[in-house]
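*Asks:* Below is one structure. I have some questions about it.
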Amino acid sequence: DGIAVIGLGYIGLPTCAALTRHGLRVTGVDVNERTVSEINAGRVPIVEPNLDVAIASAMADGLLTATTSMPHASVYLIAVPTPFTGDHEPDLRHVRSATEAIAPMLRGGEVVILESTSPPGTTELISQWISDLRPDLKLPHMGGISDVHLAHCPERVLPGRIMVEIFSNDRIVGGLSPECAQRAAEVYRLFVTGDIILTDAKSAEMAKLTENAFRDVNIAFANELAEICEHIGLDVWEVISMANHHPRVNILQPGPGVGGHCIAVDPWFIVSAAPEQARLVRAARETNDARPRTVLTKISDALALTGRTDGEGGTVACLGLAFKADIDDLRESPALSITETLAKERPGTRVLAVEPHIDALPRGLAALPNVELAATEQALAEADVVVLLVDHAAFRAITLADLRGRELVDTRGLWR
Ligand code: SAJ
């Protein structure tokens, strides 16, 4: 009966592409009717290199269909968002509704795989949810032989490189039983060239969170170093670059904060699972979340140097809105939030937003009368203060000569 991929976003859609490239028949399921009709019309609603061609050829080969209603499938792959609530607790409502849609379809023998990054224990929770809805089935959390196989296989692809990493990355497959892990691993062996590591579901859940918490803690270390170096009058990028010549030191780069929908979210799942123990993980989150405010203070200081005090005019060029270099993704972007907060807090200041990867300002920014989308040259020509927020390749060509006479706030160390 083929494979059903639930959630046609940044993970689900590339997974459809990867499976169909290997000749497998895939039904993509999404609650959003617009997403479904876009995909069925051969259009890809997200920007990711090479994804559009892969989806177009899957459609041309008749291997992919998108729908809003859950089909029967031999393998269900859940790739829905797992955000957090206002108080940093995991919000599993999309996983729950995917489970509720799958449960009535089960006949026995199916493999259900959770790919969404989830708090430890979620795969077991899915097993319990299914058994509540289907008391006629044996589920793996009950022990013994089960009718349905459940596993967690966390996605690990890097936005911007998804269509490479989805094939080449090693995969962790954590089953609710060894048999569940084996059955889920068979699915990944169909298209993954990297190693497949078998474990239990809870260890797989924690391993994924650990990867992103590792990166968050290391970025927080770089951001804290930036603040220390500034306090004592040193160039943090030079200090890090020298320290990284040590064979066992590899410090990441400071920046305006951590964006995207993974690294700024996942560590909170660890904090939620063990609040007393996860002190460093929590501190890292708080350090990285505090960065945009530090950048805003620097922008105010720079404006003051040009003779502008709060609310008193001036033009600021904000270079970059995306959450990191060379992508168009603005979700949870510190660059976007800095630009928006600046414009809101200083209504008398003109803000020129430069983002070569988009054609129109996102709604929140477009609604502000003092914000315009500008080309790099115009922004550099008209600004009193130039703020570098994202190290896009397009901005690397800017020279110090182009910036002469402007106050600079460089959050990425490009203009040292
Ligand atoms: N950042 C810095 N300094 C650095 C590196 C990154 O400030 O030295 C910032 C970026 O500007 C960005 C944020 O961190 O705002 C996150 O960017 P990223 O490139 O580190 O990670 P993501 O969010 O694009 O993807 C991560 C990846 N995880 C790891 O590298 C451990 C990816 O492999 C995961 O699949 C993805 O999260 C996910 O979906 O969980």
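Values in this text are rule-based calculations from the coordinates and carry no lab data. Source: prediction; values computed, not measured. Every residue, glycine among them, receives a Cβ derived from its backbone with ideal geometry; neighbour counts consider all protein chains shown.
*Asks:* Have a look at Gly364, Gly108, Gly194 and tell me which one the Gaussian network model of the chain (Cα, springs below 10 Å) gives the largest fluctuation.
*Replies:* The residue that fluctuates most here is Gly364.
*Asks:* Then there is this: Using the number of other C-beta atoms within 10 angstrom as an exposure proxy, rank Trp237, Trp415 with the fewest first. All intermediate terms of the calculation are to be shown ahead of the outcome.
*Replies:* Numbers: Trp237 19, Trp415 15.
If I rank by nearby Cβ atoms, fewest first, I get Trp415, Trp237.
*Asks:* Let me ask something else. Stretch Glu186-Val164 to full length: gain in nm at 0.36 nm per residue minus the Cα-Cα span?
*Replies:* Details: separation 22, 0.36 × 22 = 7.92 nm, distance 2.02 nm.
This chain segment gains 5.9 nm when fully extended.
*Asks:* Which of these, Arg331, Arg363, Arg156, has the largest mean-square fluctuation under a Gaussian network model of the chain (Cα springs below 10 Å)?
*Replies:* Of Arg331, Arg363, Arg156, the most mobile in the Gaussian network model is Arg363.
*Asks:* Something else: Give me P(r) over segment 105-240, computed from all C-alpha to C-alpha distances, binned every 5 Å, as integer percentages.
*Replies:* All Cα pairs, binned at 5 Å, distribute as 2, 10, 16, 17, 14, 11, 8, 7, 5, 4, 3, 2, 1, 0 percent.
*Asks:* For Ala60 and His245, FRET efficiency with R0 = 35 Å and r from the beta-carbon atoms, rounded to 0.05?
*Replies:* Working: r = 51 Å, r/R0 = 1.45.
The pair His245/Ala60 has a calculated efficiency of 0.10.
*Asks:* So which aspartates and glutamates pass the test for Lys208, namely a Cα distance under 15 Å, with those fewer than 8 places away in the same chain ruled out?
*Replies:* Glu115, Glu155, Asp170, Asp200, Asp216, Asp266
*Asks:* For helix 93-102, what angle does its Cα long axis make with the longest principal axis of the chain, in degrees from 0 to 90 and rounded to 10?
*Replies:* 30 degrees
*Asks:* Springs between alpha-carbon atoms under 10 Å, Gaussian network over the chain: tell me which of Gln182, Gln253, Gln378 tops the mean-square fluctuations.
*Replies:* Highest fluctuation of the listed residues: Gln378.
*Asks:* Further question on the same structure: From the alpha carbon gyration tensor of segment 287-410, can you work out the equivalent ellipsoid semi-axes (sqrt of 5 times each eigenvalue) and give them in Å, largest to smallest?
*Replies:* Semi-axis lengths for segment 287-410 are 19, 17, 14 Å.
*Asks:* Hey, another quick one. By DSSP, what percent of the beta bridges with both residues in segment 103-230 are antiparallel, rounded to the nearest 5? Mind dumping the intermediate values first?
*Replies:* Working: 2 of 11 bridges.
About 20 percent, rounded to the nearest 5.
*Asks:* Leaving out same-chain residues fewer than 8 places away, which aspartates and glutamates sit with a Cα under 15 Å from that of Lys138?
*Replies:* Glu110, Glu124, Asp147, Glu179
*Asks:* Along the Cα-to-Cβ line of Glu238, 7 Å from the Cα, sits a label point; which residues in segment 377-416 have backbone N less than 12 Å from it?
*Replies:* 416
*Asks:* Moving on to the next point. Report the gain in length on full extension from Glu33 to Arg363: 0.36 nm times residue separation, minus Cα-Cα distance, nm rounded to one decimal. It would help to have the intermediate numbers written out before the result.
*Replies:* Values: separation 330, 0.36 × 330 = 118.80 nm, distance 2.13 nm.
Extra length from Glu33 to Arg363 when fully extended: 116.7 nm.
*Asks:* Label the chain by shape, choosing from rounded, prolate and oblate, from the square roots a ≥ b ≥ c of the eigenvalues of the Cα gyration tensor; if a/c is under 1.5 it is rounded, and otherwise prolate applies when a/b is larger than b/c, oblate when it is not. Please list the in-between numbers first.
*Replies:* Values: a/c = 2.29, a/b = 1.80, b/c = 1.27.
It is prolate, given that a/c is not under 1.5 and a/b is the larger ratio.
*Asks:* For the chain, find the longest principal axis of its Cα atoms and tell me its angle to the long axis of helix 12-21, 0 to 90°, nearest 10.
*Replies:* Tilt relative to the chain: about 60 degrees.
*Asks:* Given axes a ≥ b ≥ c from the Cα gyration tensor, I'd like to know whether segment 106-166 is rounded (a/c under 1.5), prolate (a/b larger than b/c) or oblate. Before the final figure, lay out the partial values.
*Replies:* Values: a/c = 3.20, a/b = 2.31, b/c = 1.39.
It is prolate, given that a/c is not under 1.5 and a/b is the larger ratio.
*Asks:* In nm, to one decimal, how far is the Met142 label point from the Glu100 one, both placed 7 Å along Cα→Cβ?
*Replies:* It works out to 2.3 nm between the two label points.
*Asks:* Would you calculate the separation in nanometres between label points at Thr294 and Arg331, each defined as 7 Å from the Cα along the Cα-to-beta-carbon direction?
*Replies:* Reported label-point gap for Thr294 and Arg331 is 2.7 nm.
*Asks:* Be a star and scan segment 364-386 for residues whose amide nitrogen sits under 20 Å from the point 7 Å along the Cα-to-Cβ vector of Leu305.
*Replies:* 379-386, by backbone N distance to the label point.
*Asks:* Further question: Could you work out the relative contact order of the chain? I mean the mean sequence separation of Cα pairs under 8 Å and 6+ apart, divided by the number of residues, in percent. Kindly include the intermediate steps, with their values, before the conclusion.
*Replies:* Values: 831 pairs, mean separation 45.0, N = 416.
This gives 11 percent for the chain.
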